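The values are calculated or read from the model by the stated rules, or taken from the named source; none is laboratory data. Quantities reported herein were computed from a predicted structural model and do not represent experimental measurements. Don't worry about glycine lacking a Cβ; one is built from the backbone with ideal geometry, like all the others, and counts go over all protein chains shown. Note: areas computed on protein heavy atoms with side chains; ligands, DNA, RNA excluded. Shrake-Rupley method; radii C 1.70, N 1.55, O 1.52, S 1.80 Å.
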Amino acid sequence: MAGNRTLTMIKPGAVKNGHIGAILNDIAAGGFKIVALKLTQLTKDKAGEFYAVHKERPFYGELVDFMSSGPIVAAILEKDNAVADFRTLIGATNPADAAPGTIRAKYAKSIGENAVHGSDSDENAAIEGAFHFSGTETF
Ligand code: UDP
Ligand code: MG
């Protein structure tokens, strides 16, 4: 059975460009309930740890630099089939391929600065949720 939680981050570019409110509104309109939420900034080390699975990829250095370049919004979202439904709401990794109306189609600048993160599996959603939030910060 599909899990009911996923982890998102509104990335530094979208925060800097003033899209926090609009993105949270799209998330709520998509039927997701926010069960954890914070404005925070990742250190380079923490960004590297979060994206460790991509360590050998050519874009890893730029990704870590970008993700630690300014504040982000981290949130745990709840909905039936959360992981897959959230990835549908945000659209493809490359905004050029993202379906019209998706969060990345509307707010992403490029594949590197693509507005939001979404977990890719229930297992990673749990790991990523615990990465950002303690038990007392999660409802
Ligand atoms: N990324 C990039 N260049 C690429 C592929 C990915 O800069 O060719 C960045 C992009 O910001 C993406 C993140 O690395 O969101 C993680 O990549 P992944 O393939 O996991 O995409 P996602 O799950 O975020 O859609
Ligand atoms: Mg991914």
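Take every pair of alpha-carbon atoms less than 8 Å apart whose residues are at least six positions apart; their mean separation over the length of the chain yields a relative contact order of 38 percent. Taking 37 °C and 0.692 mPa s as the conditions, I'd like the Stokes-Einstein D for the chain in µm²/s, using the Kirkwood hydrodynamic radius from alpha carbon pairs. D = 221 µm²/s.
For segment 60-102, the Kirkwood estimate of the hydrodynamic radius, built from every pair of different alpha carbons, is 12.5 Å.
For the residues His19, His54, His117, a GNM of the chain with alpha-carbon springs under 10 Å puts the largest fluctuation on His54.
Loop-resident chymotrypsin sites (Phe, Trp or Tyr not before Pro) (DSSP state other than H, G, I, E or B) in segment 33-68 with no more than 14 further Cβ atoms inside 10 Å of their Cβ: Phe59.
Ligands, DNA and RNA are left out, and with a 1.4 angstrom probe the accessible area of segment 60-139 is 47 Å² per residue. Basic side chains Lys and Arg get +1 at the Cβ, acidic Asp and Glu get -1 at the Cβ, and with that the dipole of segment 1-131 about its Cα centre reaches some 380 debye.
Can you give the FRET efficiency for Asp97 and Glu62, using 1/(1 + (r/R0)^6), R0 = 22 Å, r = Cβ-Cβ distance, to the nearest 0.05? It comes to 0.70. With each label modelled as a point 7 angstrom along the Cα→C-beta vector, the Thr43-Asn17 pair spans 3.0 nm. Applying a DSSP loop filter and a limit of 15 other Cβ atoms within 10 Å to the trypsin sites (Lys or Arg not before Pro) in segment 34-139 leaves Lys55, Lys109.
Shown for the chain: the carbon plus sulfur share of the solvent-accessible area, taken with all protein chains present and a 1.4 angstrom probe, equals 54%.
Share of pairwise Cα-Cα distances greater than 22 Å in segment 60-139 is 29 percent (whole percent). Per-residue Karplus couplings for segment 107-121, computed as 6.51 cos²θ - 1.76 cosθ + 1.60 with θ equal to phi - 60°, are listed in order as 10, 7, 9, 6, 4, x, 9, 9, 6, 8, 9, x, 4, 9, 7 Hz, Gly and Pro entered as x. With an a/c value of 1.5 or above and a/b not larger than b/c for the gyration tensor axes a ≥ b ≥ c computed over the alpha-carbon atoms, segment 1-57 is described as oblate. When both segment 45-60 and segment 70-125 are represented by their alpha-carbon centers, they are found 18 Å apart.
Ranking Thr136, Thr40 by solvent-accessible area of protein heavy atoms (1.4 Å probe, all protein chains present), from largest to smallest, gives Thr136, Thr40.
Calculated [222 nm] ellipticity per residue, helices only, for the chain: -10500 deg cm²/dmol; basis is -39500 (n - 2.57) per DSSP H run with n ≥ 4, divided by all residues, nearest 500.
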